[in-house]
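Report on the structure given below.
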Amino acid sequence: MWKLFRKRKRQRRSTSVTKHYVEHKESARQVVLERLQYFNQHYSLEWKRVAIRNQRRCWGSCTSLKNLNFNYKILLLPPHLRDYIIVHELCHLVELNHRQPFWELVGQMIPEYKLCVAELRAIDKGGNSVGHLLTVREAYLSGSIKPSNPA
Ligand SMILES: [Zn+2]
């Protein structure tokens, strides 16, 4: 009985998670494409395809085939951290590693990238559930968390 209850609960939860993804996927794509184009005025790079995914852990990734993937929950992040993730993946089109030249490239558009990395790490500690991310956003809006790069 307990098991059955748990199973039902889990199914209901995953349905609402999927629903949130379906409802926000296209607005996430719009924001990602707009910011990619904005930062690419500086970098002038080429990518093949941008995919918006519902990923458990990863905020974004870049493949050797020059495909960019982003977590739709990037939409829920404070804008300066969203921008940092977008620039990070954009720069992976040039350097598919995290060595110094890569960070120099990121730093051209996000000089305070180290602070962004630390802020994201702090957010990630609480996982990336929609509830947690909304709480984080609220904390930024109310000023109880200070952004490293107020936009
Ligand atoms: Zn990376």
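No value in this document is a laboratory result; all are computed from the given coordinates. Please read all numbers here as calculations on a predicted model, not as lab measurements. As a convention, Cβ positions derive from the backbone with ideal geometry for all residues, glycine included, and neighbour counts pool all protein chains shown.
Can you spot a residue in the stretch 75-85 that is in a helix (DSSP H, G or I) and within 14 Å of the ligand (Cβ to nearest atom)? There is at least one residue in the stretch 75-85 that is in a helix (DSSP H, G or I) and within 14 Å of the ligand (Cβ to nearest atom).
Kindly provide the set of residues from the stretch 98-121 that are part of a loop (DSSP other than H, G, I, E, B) and farther than 20 Å from N67 by Cα, ordered by number. Before you say what the answer is, go through the steps one by one.
The first filter runs over the stretch 98-121 and keeps only residues part of a loop (DSSP other than H, G, I, E, B), leaving 98-99, 110-112.
Correct list: R99, I110, P111, E112.
Here is the figure for the stretch 53-68: residues that are farther than 17 Å from H24 by Cβ and either away from the ligand (no atom under 14 Å from the Cβ) or not in a loop (DSSP other than H, G, I, E, B) (or both) total 6. Restricting E34, E95 to those that are of a type in the set (D, E), surrounded by fewer than 21 Cβ atoms within 10 Å (Cβ to Cβ) and either in contact (Cβ under 8 Å) with a residue 40 or more places away in the chain or not in a helix (DSSP H, G or I) (or both) reduces the list to E95.
Return the residues of the stretch 66-123 that are among the basic types (K, R) and farther than 23 Å from R53 by Cβ; say none if nothing qualifies. Residues satisfying the conditions are R99, K114.
Taking the conditions (1) in contact (Cβ under 8 Å) with a residue 60 or more places away in the chain; (2) hydrophobic (A, V, I, L, M, F, W, C); (3) more than 16 Å from the ligand (Cβ to nearest atom) in turn, M109 satisfies each one other than (3). Checking the stated criteria, E89 turns out to be within 13 Å of the ligand (Cβ to nearest atom), more than 18 Å from R137 (Cα to Cα) and not in a strand (DSSP E or B).
Listed by first and then second residue, the pairs linking a residue in the stretch 16-27 that is under 15 Å from G131 (Cβ atoms) to a residue that is in a helix (DSSP H, G or I), with Cβ atoms under 6 Å apart and 6 or more places separating them unless they lie on different chains, are H20/V130; Y21/Y72; H24/Y72; H24/L75. Residues of the stretch 34-52 that are under 13 Å from the mean Cα position of the chain (by Cα) and not β-branched (V, I, T): R35, L36, A51.
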